[in-house]
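Peer 1: Would you mind keeping the following structure in view while I ask a few things?
Laboratory data are not the source of any read-out in this text; all were calculated from the coordinates shown. Bear in mind the structure is a predicted one, so any value in this text is a computation, not a measurement. So basically every Cβ, Gly included, is an ideal-geometry build from the backbone, and we count neighbours across all protein chains shown.
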Amino acid sequence: MTERRRRIDIVSSPEFVDELADITLDELRERRALCDELDTELSYYRRLLHGRMDLLGFELRRRSGEEARSLIEALPEILAGSETAGAGSTGRAIPVEIPDVPSTGKRSVDRVLVDDFLAHLPTIDDDELETIQVDLTEAEREVSDQRRAVYEAYEKIQSELTNRYRQGIDNIDELLAGS
């Protein structure tokens, strides 16, 4: 029986970017496409997490007296801040395609994204809010680390592709056709 590995485990393993000069152009492109898919997914997860973190942070500030507005009054401002946070950080265009978010899962990001704490935010006690904040922060850190690993793999693959075209090993017209 073959072991099924998560895509992030495949991309972050050293073997994924080892000896790139020895693999075919098609395989390089497939690996780059996998990195793009994962980056899109992880970027989306990060944005969802940041939105929840921003809403939770506002609620904590409201409860401590630092904020006089209600969550509903501040919602447009909070959401506008979440949408722009981190946009374009890799310098690559962000696709419009929205990945599926699992309704259940083993990953911490899956667990915190299905938590419906936002629906009953005003009724949650302070201790539970702090626990939720810790869980969100840990999930965001995990997703950010994974995204960084994907980006590093992408850069190595892209560098190998660039080197091949510069050296004339592969035809530049093939690059344009494969993009």
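Peer 1: Short version: ³J(HN,Hα) in whole Hz for each residue of the stretch 48-53, in order, from phi by Karplus 6.51 cos²θ - 1.76 cosθ + 1.60 (θ = phi - 60°), x for Gly and Pro, what are they?
Peer 2: Listing the rounded values in order: 4, 4, 4, x, 5, 5 Hz.
Peer 1: Can you put ARG7, ARG107, ARG164, ARG31 in order, fewest other beta carbons within 10 Å first?
Peer 2: ARG7, ARG107, ARG164, ARG31
Peer 1: Can you put TYR154, TYR45, TYR165 in order of Cβ neighbours within 10 angstrom, beginning with the fewest?
Peer 2: Starting with the residue having the fewest Cβ neighbours, the order is TYR165, TYR154, TYR45.
Peer 1: Calculate the spin-label point distance for ARG6 paired with GLU67, positioning each point 7 Å from the Cα along the beta-carbon direction, and give it in nanometres.
Peer 2: Taking the simple label geometry, GLU67 and ARG6 are separated by 3.0 nm.
Peer 1: Which value, in debye to the nearest 20, gives the size of the charge dipole of the stretch 1-70 about its Cα centre, when Lys and Arg are +1 and Asp and Glu are -1 at the Cβ?
Peer 2: Charge dipole of the stretch 1-70: 760 debye, to the nearest 20.
Peer 1: Sticking with this one: By count of other Cβ within 10 Å, fewest leading, how are LEU60, LEU42 ordered?
Peer 2: In order of increasing Cβ crowding within 10 Å: LEU60, LEU42.
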